[in-house]
Amino acid sequence: MRRPAGSVDRGSAVDLSGKTALVTNAASGVGLTCAHHLAALGAGIVFCDIDAEAVERAESELEMHGVPVYGLPADVARTRDVEALLGETMRVFGRLDVVVVVAPAAPAGTVLEVGDADFDRAVASTVRAPFLVCQRAARVMNATQGGTFVLIGSDPGPFAGAVAAGAVHHMTTAMARDLAGAGIRVNAIAAGNAAPETIAATVAYLAGDSAAAITGSVITLN
């Protein structure tokens, strides 16, 4: 983990200084944009992606914000990888405040067209992965100081994406109910065709104190 000197923009109404945020699938695309936004607000960043080379490149990018950044290659649909990721987060940062689970793109195809293997991968990456990450992260947060989860769904257009989106939305409300007593908020973003910057700004808002009363919600962006 590199800790470069540098300035962080604290002009936003959201201030995440001193907090740690974990972002999955964050070596590119929406995940990387979210990591940039959170880092710019002062959060230390732990992120992962299955592409080890992309993780190294993204880590170099995120260092520009002057906050602690730690990137790890991991497949968050695998229990062992999730537990190792969270173990490293606590070893290096000692706390976890914000978890952003970013779903990859869903495979194309209608119910008549999507293949078995593609459907299984979609369920693993967009339903199993947020379950594993949030369950294990909640156990860590429950032992410390609470926190917030934001789940970003895949494109609900294709059949597999629509099935996954429905599951994630119900998971969000169920987890919000189950984790309220531990001081953990859970929300989801139905991103649609929204720009990555819009999605990331919404994540940053949900991570901040201004959203302290919001949990169990699915926020739809157009």
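The values are calculated or read from the model by the stated rules, or taken from the named source; none is laboratory data. Keep in mind the model is a prediction, meaning the values are calculated, not measured. Because the Cβ atoms are built from the backbone with ideal geometry, glycine has one as well, and the counts that use them run over all protein chains shown.
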The lone exception for THR173 - which of (1) modelled with pLDDT under 95; (2) farther than 26 Å from MET90 by Cα it fails: (1)
I'd like the residue in segment 79-95 that is out of contact with any Lys or Arg (no Cβ under 9 Å at 6 or more places or on another chain) and assigned to a loop (DSSP other than H, G, I, E, B) and, out of all such residues, is surrounded by the fewest Cβ atoms within 10 Å (Cβ to Cβ). GLY94
When restricted to THR126, THR110, THR148, the only residue in contact with a helix residue (DSSP H, G or I) (Cβ under 7 Å, 6 or more places away or on another chain), surrounded by 15 or more Cβ atoms within 10 Å (Cβ to Cβ), farther than 18 Å from ASP49 by Cα and β-branched (Val, Ile, Thr) is THR148
May I ask you to say which residue of LEU151, LEU132 is in a helix (DSSP H, G or I) and either at pLDDT 95 or above or touching a strand residue (DSSP E or B) at 6+ places or on another chain (Cβ under 9 Å) (or both)? LEU132
For segment 66-76, does any single residue satisfy the condition of being over 14 Å from the mean Cα position of the chain (by Cα), in a helix (DSSP H, G or I) and either surrounded by fewer than 24 Cβ atoms within 10 Å (Cβ to Cβ) or not charged (D, E, K, R) (or both)? no
Quick test for you: out of ALA176, ALA213, pick the one residue that is of a type in the set (Gly, Ala, Ser) and crowded, with 17+ Cβ neighbours inside 10 Å. ALA176
The lone condition MET171 fails out of (1) assigned to a helix (DSSP H, G or I); (2) surrounded by 21 or more Cβ atoms within 10 Å (Cβ to Cβ); (3) in contact with a strand residue (DSSP E or B) (Cβ under 8 Å, 6 or more places away or on another chain) is (2)
Among the residues of segment 154-168 satisfying the criterion of being part of a loop (DSSP other than H, G, I, E, B) and under 24 Å from ALA35 (Cα atoms), which is nearest to the chain's Cα centre (by Cα)? SER154
Restricting attention to segment 55-74, report how many residues are of a type in the set (Gly, Ala, Ser) and more than 19 Å from ALA84 (Cα to Cα). 3
Within segment 46-65, which residues are assigned to a helix (DSSP H, G or I) and either in contact with a helix residue (DSSP H, G or I) (Cβ under 6 Å, 6 or more places away or on another chain) or among the acidic types (Asp, Glu) (or both)? GLU53, GLU56, ALA58, GLU59, GLU61, LEU62, GLU63, HIS65
Checking the conditions here, which among ALA5, ALA39, ALA27 is at pLDDT 95 or above and either in contact with a Gly (Cβ under 7 Å, 6 or more places away or on another chain) or more than 15 Å from LEU96 (Cα to Cα) (or both)? ALA27
